[in-house]
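What follows is a set of notes on a single structure, which appears directly below.
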There are 2 protein chains.
Amino acid sequence: MGLEKAVVKPHERLAAALAPELEAVNALIRERMSSKHAPRIPEVTAHLVEAGGKRLRPMLTLAAAKACGYEGPYHIHLASTVEFIHTATLLHDDVVDESAQRRGRPTANLLWDNKSSVLVGDYLFARAFQLMTDADNMRVLQILSNASATIAEGEVLQLTAAQDLKTDESVYLQVVRGKTAALFSAATEVGGVLAEADERVVKALFDYGDALGISFQIVDDLLDYWGSDQTGKNVGDDFRERKLTLPVIKAVAKADDEERAFWVRTIEKGKQEDGDLAHAIALLNKHDALEETRAVALEWADKAKAALSAVPQGEITGMLSDIADYVVARLR
Amino acid sequence: MGLEKAVVKPHERLAAALAPELEAVNALIRERMSSKHAPRIPEVTAHLVEAGGKRLRPMLTLAAAKACGYEGPYHIHLASTVEFIHTATLLHDDVVDESAQRRGRPTANLLWDNKSSVLVGDYLFARAFQLMTDADNMRVLQILSNASATIAEGEVLQLTAAQDLKTDESVYLQVVRGKTAALFSAATEVGGVLAEADERVVKALFDYGDALGISFQIVDDLLDYWGSDQTGKNVGDDFRERKLTLPVIKAVAKADDEERAFWVRTIEKGKQEDGDLAHAIALLNKHDALEETRAVALEWADKAKAALSAVPQGEITGMLSDIADYVVARLR
């Protein structure tokens, strides 16, 4: 079961359909990441913002607003807000994880220092809230501040849950909702709120973003054991960092005593030796943990697509559906 | 010129006058620092929030609103917001400064780890924005998000400016405005905005907070060379951390070649030896740098008091004036 490069990339089609809006988002991001007094801020931010991320989250806001017929200017501000929040969390994540690489380049904490990553992240977070106030919509502010709190809560929960074998699928889901899905669902929800869509539609957009985000993160966690060089992920990173993700949770649930001792040693105690990663993958395969995790990711992708039935249909909504397929297509 | 314990503590009188409001603030802080999923969050937060800080910043918001005749409930939310922003910046500052002590207790980054300090700080920051939206006042949100951006900008500026002997008094003032005065002035300004005070009064409250914050930070920086054990500060911390503060900036401006070489070695290059702190203090005294810095702090305290003339007079406003005196009275 290898991973092949998908031929069709629906997020690229969406980016083409939203090209003028995305250009406006990029211009606004460049404008607002500047700093009169502290040139280090745009340096650090540009390193990350211009590193060729797919701008998936801001595209979700633009797409949701457009699908609901929004014609004003503020989806640009909210999409930029979402990207700023995302960038701020990446800067802080890399400090927390002590990462050396992101998107194939050295991380900001390595190129500058942890201090700069912490403080520039704070700056971007504050800038995100400034940008939000431009839209003059209190409900949007509530949604995005709630999402920010949920993100931080998910990350803190991960700190304590990740190396604890008692962590079960429900705690894992909470972590994933926090660290990934909360920003996806807020991104789509605020698009609908800004367009003054029906509550039913707003709820559907939230559900789409939530399910897409969960699917996205599960696939990410799965590729950490299943990936190849083509995915840009290093197989085994999560294992080495002792992060208890869904594949391992499923294998631990079926472990016999000897296997359990292996997981205690490698994940809980962090005493890893040569050959442990290969043995871990063998255990995941033995208990069908990778296949079962893949099935969960597919379920969430289906939920995401199903939610879209309540959203006005059209070209953009079709592309959002294709994106849900694409996220799990990385697992072919 | 020794430092004596002041007999009159006007912030304690203000706390007494605002006792019911402060109790409501403390209750709201305890409620909002909780987390359903991540118990580490209230642990870390309580360590800092309950460490016996003076609650000066939230008191400023309460006092400003009351001085302007505000009778609604939301000054409690905004005061709590201000304290959350302050607490979040303290958590991140201690990571950035690699501090081991704050308010006479071990720092959170030491008791838990840097990861927890970064992420719990993010959580409190997000919670602060949630709290703000309760007041349903877009201008208040703008003021506090602007202040948050200015704080982070000031901290980043300090990273690059602190060890650079080219840093002059105007850059120092920018750093101080960012790291300290921005939250003081936002705290007082939002009190006036919430009370729907005249623009002239709102501006005066901003000016008071700005000048008070600048005075406060200059005194803090001065006590680092002038303090005694009674102040709770360790003399020489800034020197050891190579922070270029106003006393040193003034001494550097008057330095001869040999003295300049001393500052380059100790501050720019960070090569410090036994006896360097004593020599630094001798140079500060030689050039009257401590006295001149004290004069600047007094000037800003006077500006703070002068601004209050445009604010409705009464018991609370009188106490705000006394607080400006008290800040510099620490330097007697």
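Quick note: the coordinates plus some simple rules give every number you see, no bench work behind them. Source: prediction; values computed, not measured. Note that we place each Cβ from the backbone using ideal geometry, even for glycine, and neighbour counts take in every protein chain shown.
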Legend entry - For segment B:115-154, the Rg and Dmax computed from alpha carbons only, in angstrom: 11.3, 33
Inset, instruction - Could you work out the per residue convex hull volume over the alpha carbons of segment B:160-239, in cubic angstrom? - result: 105
Inset, instruction - Could you tell me how many degrees, from 0 to 90 and to the nearest 10, lie between the Cα long axis of helix B:276-286 and the main elongation axis, the longest principal axis, of the Cα atoms of chain B? - result: 90
Inset, instruction - Work out from phi, with θ = phi - 60° and the Karplus expression 6.51 cos²θ - 1.76 cosθ + 1.60, the ³J(HN,Hα) of each residue of segment B:27-32, listed in order in whole Hz, and give x for Gly and Pro. - result: 5, 5, 4, 4, 5, 7
Legend entry - Sparse-neighbour loop sites [trypsin sites (Lys or Arg not before Pro); segment B:152-186; at most 14 other C-beta within 10 Å; DSSP]: B:LYS166
Legend entry - Two-decimal Rg to Rh for the protein assembly as shown - Kirkwood Rh, Cα set: 1.00
Inset, instruction - Report the far tail of the P(r) of segment B:64-190, meaning the percent of Cα-Cα pairs longer than 18 Å. - result: 58
Inset, instruction - Stick to the Cα atoms of segment B:30-134, pair each with every other, and give me the Kirkwood hydrodynamic radius in Å at one decimal. - result: 14.2
Inset, instruction - Loop only per DSSP, at most 15 neighbouring Cβ atoms within 10 Å: give me the GluC sites (Glu not before Pro) in segment B:253-282, ordered by residue number. - result: B:GLU273
Legend entry - Distribution of pairwise C-alpha distances over segment B:207-287, 10 Å bins, in %: 18, 49, 26, 7, 0
Legend entry - GluC sites (Glu not before Pro) within segment A:170-210, DSSP loop, no more than 16 other Cβ atoms inside 10 Å: A:GLU196
Legend entry - Summed side-chain charge close to A:ALA38 - residues other than A:ALA38 whose Cβ falls under 11 Å, Lys, Arg +1, Asp, Glu -1: -1
Inset, instruction - On a 0 to 90° scale, report how tilted helix B:182-194 is relative to the longest principal axis of chain B, with both axes built from alpha carbons and the result rounded to the nearest 10. - result: 20
Legend entry - Normalised convex hull volume, segment A:151-308, alpha-carbon set, Å³ per residue: 113
Legend entry - Förster radius 56 Å - calculated FRET efficiency between B:GLU315 and A:GLU315 (Cβ-Cβ, nearest 0.05): 0.30
Legend entry - Which listed pairs, of A:LYS54/A:LYS271; A:LYS179/B:LYS115; A:LYS36/A:LYS66; A:LYS66/A:LYS243, have C-alpha distances above 26 Å, in listed order: A:LYS54/A:LYS271; A:LYS36/A:LYS66; A:LYS66/A:LYS243
Legend entry - If the convex hull is drawn through the Cα atoms of segment B:10-329, its volume per residue in Å³: 123
Inset, instruction - Give a residue-ordered list of calculated ³J(HN,Hα) values for segment A:150-155 (Karplus: 6.51 cos²θ - 1.76 cosθ + 1.60, θ = phi - 60°; whole Hz; x for Gly, Pro). - result: 5, 4, 4, 4, x, 5
